[in-house]
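Just below is one structure, and these are the notes that go with it.
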Amino acid sequence: MTSGFRFDEEVVKVFPDMIARSVPGYELIVPMIGLLARRYAQPDSLIYDLGCSLGAASLAMSLAVRASGARIIAVDNSAAMVEQCQQHLAEKAGAIPVDVRLEDMLDTRIENASVVVLNFTLQFLDREQRQALIDRVAAGLRKGGALVLSEKICFEDEVEQAEQTAWQHDFKRAQGYSELEIAQKRNALEEVLRPDTEARHLQRLHRAGLGGTRRWFQCFSFASYIAFK
Ligand code: GEK
């Protein structure tokens, strides 16, 4: 994890605003994850939301999924996030029950899963840990199960990387992002979080034995993929 940035109470207070203003498309991706989960959730299976923050994806899935006997396990290793997440979901969750856990996702046992969501969280793990996590996700998925992986990506081509960075900065400026003190912290975080290229992600998914991978969303350097067992 990074030096100057923590997912603490201060960040939790502004988190929905902060992520919507720094990840173009976040507010579209979340309900779409609900729809994808509705399609791929299997009866009597588990759905995982790893790095759930305030539970936006879990809430969308809880409202959208129709598979009988399915349950959602939402995991985050920030105590401040988990506390707020539990409160939010207690007030709003849909028909599918959500179990919120304070846990490092590297320790989460993944089993009997039909859907696993990593919505902008793999990027916070050390690079060496990423393959091991994806391998465990793949091992815990049922046949036909789906992994939804959203990430900030980087680009091998220097010209494209420069363009993408400029576009991202334009987006943030248009959000009035720099007005918030917390946003400066956020900038610090984004400068140090280490994104992978799309090729690297696809290779990792393939190595784990997942296939049928599709990029179903991209806006500037923020992309989301779905891959199947
Ligand atoms: C959303 N998915 O709104 N184990 C568990 N949680 C972790 C770990 C870890 N090892 N490392 C980081 N986190 C959410 C948004 S935010 C994305 C995810 C962002 C958690 C961290 O505490 C934070 O809550 C989350 O991953 C990342 O759909 O802030 O850019």
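The values are calculated or read from the model by the stated rules, or taken from the named source; none is laboratory data. No experiment lies behind these values; they were computed from the predicted model shown. Here the Cβ positions follow ideal geometry from the backbone for every residue, glycine too, while neighbour counts run over all protein chains shown. Side chains included, ligands, DNA and RNA excluded: accessible areas come from the protein's heavy atoms. Shrake-Rupley method; radii C 1.70, N 1.55, O 1.52, S 1.80 Å.
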In the stretch 137-155, is there at least one residue being assigned to a helix (DSSP H, G or I), more than 24 Å from G211 (Cβ to Cβ) and modelled with pLDDT of 95 or more? no
Which of the residues that make up the stretch 141-170 are under 30 Å from Y40 (Cβ atoms) and more than 14 Å from the ligand (Cβ to nearest atom)? L141, R142, K143, G144, G145, A146, C154, F155, Q164
Matching residues, the stretch 199-229, being surrounded by fewer than 18 Cβ atoms within 10 Å (Cβ to Cβ) and either closer than 23 Å to E27 by Cβ or among the polar types (S, T, N, Q) (or both): Q203, T213, R214, R215, W216, F217, Q218, C219
Consider only pairs whose beta carbons are under 8 Å apart and that are at least six residues apart or on different chains; among these, list those whose first residue lies in the stretch 130-151 and is open to solvent by less than 50 Å² (accessible area, probe 1.4 Å) and whose second residue is among the acidic types (D, E). R130/D196; G140/E111; E151/D196
